[in-house]
Amino acid sequence: MSRPAAVITGAASGLGRALAESLAEAGWRLALVDLPGATEASLSEVVATCRQRGGDAFATGFDVRDAVGWQSLHDRLRADWTTLDLVVNSAGVGATGEVGWLPESQWRRVIDTNLLGTALGCETFLPWLRSHPGRSHLVNVASIAGVLALPSMAAYSASKAGVIALSESIAAESRRGRPGVTVVCPGFFRSGLLDSWHFSSEVESREAHRRMAATGLSSERLARRVLRAIEWNERYLVVGLQARWLWRLKRLAPRLTTGLVGAVYRRLR
């Protein structure tokens, strides 16, 4: 019996790495994707760990904004793997800065990586997931910021809102439940995301690092919830007590929620 197989982006750190290592313990075949260059050493370390834990893993370095990189990976896996069971789009970057002050380059970096990069992964691998003879699954990692549209985070929030909309469209297009679709909307959790984050002010940087240090949600804990969501075929996975309450409040009273979020932001500044 062949091993189940998965493609995971953003696999060098954070949630992508935690998912890879968890799946390796269950004996999965893994294609692990992250940026070439600075992340290569980390990605090689993840591959070694996955193999030690019983998985069959290899690494490939390309930018998820690169359609050629996606197609090359697809062609390689099609030649080696019989089926594809899971795709996890976890790669992401962020930037803070009020609209009117955030450079165009940051808008393009965030939107292209988070939304277009996820869309390219879906465009490339969805036909294969849909042809699975049994059960297959797609996981797109968004954020609670994609629901709340946080001040000074318009680019990031817009990109993650797009990921949510993309995931909902794919779910509506799915036939016979293939693939199952889960969109992950966590609050702050411990990861390396802030390492590549663009901050427009010291206040933004200080508050983000404070929240990151204060959170009790680790990448490993979030990975366990994601795997459970895949098993249960959950559509929306909102993780974190504050994130869940704000998600409910936004659905019930959107104007009130925006007002509260804006008031907190003005007080911080």
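The values are calculated or read from the model by the stated rules, or taken from the named source; none is laboratory data. The structure displayed is predicted, hence computed values, not measured ones. Positions of Cβ are backbone-derived with ideal geometry, glycine not excepted, and every protein chain shown enters the neighbour counts.
Per-structure values
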| read-out | value |
| --- | --- |
| Any hit, the stretch 58-76, residues being in contact (Cβ under 8 Å) with a residue 24 or more places away in the chain, buried (at least 24 other Cβ atoms within 10 Å of the Cβ), more than 30 Å from Arg266 (Cα to Cα) and not hydrophobic (A, V, I, L, M, F, W, C) | no |
| Qualifying residues in the stretch 34-57 (those that are in a loop (DSSP other than H, G, I, E, B) and at pLDDT below 95) - the one nearest to Phe125 (Cα to Cα) | Leu35 |
| Residue match in the stretch 228-236 (condition: out of contact with any strand residue (DSSP E or B) (no Cβ under 7 Å at 6 or more places or on another chain), of a type in the set (Phe, Trp, Tyr) and modelled with pLDDT under 95) | no |
| In the stretch 230-255, the residues that are crowded, with 16+ Cβ neighbours inside 10 Å, under 30 Å from Ala5 (Cβ atoms) and touching a helix residue (DSSP H, G or I) at 6+ places or on another chain (Cβ under 7 Å) | Leu237, Val238, Val239 |
| The stretch 157-180 - residue that is in contact with a Ser or Thr (Cβ under 7 Å, 6 or more places away or on another chain) and crowded, with 24+ Cβ neighbours inside 10 Å and, of those, nearest to Leu126 (Cα to Cα) | Pro179 |
| Matching option when the condition is more than 17 Å from the chain's Cα centre (by Cα), farther than 21 Å from Gln242 by Cα and of a type in the set (S, T, N, Q), among Ser167, Ser136, Ser152 | Ser136 |
| Residues (among the aliphatic types (A, V, I, L, M) and outside any helix (DSSP H, G or I)) located in the stretch 151-197 | Met153, Val181, Val183, Val184 |
| Which numbered condition Ala18 fails, given (1) touching a Ser or Thr at 6+ places or on another chain (Cβ under 6 Å); (2) within 22 Å of His198 (Cα to Cα) | (2) |
| Residue within the stretch 136-150 that is more than 27 Å from Leu217 (Cβ to Cβ), assigned to a loop (DSSP other than H, G, I, E, B), at pLDDT 95 or above and not hydrophobic (A, V, I, L, M, F, W, C) present | yes |
| One residue from Gly177, Gly192, Gly216, Gly187 being modelled with pLDDT under 95, closer than 23 Å to Ser131 by Cα and not charged (D, E, K, R) | Gly177 |
| Subset of the stretch 58-88 [among the hydrophobic types (A, V, I, L, M, F, W, C) and either in contact with a Pro (Cβ under 6 Å, 6 or more places away or on another chain) or not in a helix (DSSP H, G or I) (or both)] | Phe58, Ala59, Phe62, Val64, Trp81, Leu84, Leu86, Val87, Val88 |
| Cross-chain or 6+ apart pairs with Cβ under 7 Å, the stretch 240-253 first and within 9 Å of Gly187 (Cβ to Cβ), then in a helix (DSSP H, G or I) | Leu246/Leu148; Leu246/Thr257 |
| Near pairs, Cβ below 6 angstrom, 6+ apart or cross-chain, from the stretch 129-156 (of a type in the set (Lys, Arg)) to any residue that is at pLDDT below 95 | Arg130/Arg178 |
| Tally, over the stretch 6-42, of residues that are within 12 Å of the chain's Cα centre (by Cα) and either closer than 19 Å to Trp81 by Cα or of a type in the set (S, T, N, Q) (or both) | 3 |
| Pair list, Cβ < 6 Å and 6+ apart or interchain, from the stretch 83-96 residues that are surrounded by 23 or more Cβ atoms within 10 Å (Cβ to Cβ) to residues that are assigned to a loop (DSSP other than H, G, I, E, B) and aromatic (Phe, Trp, Tyr) | Gly94/Trp197; Thr96/Phe199 |
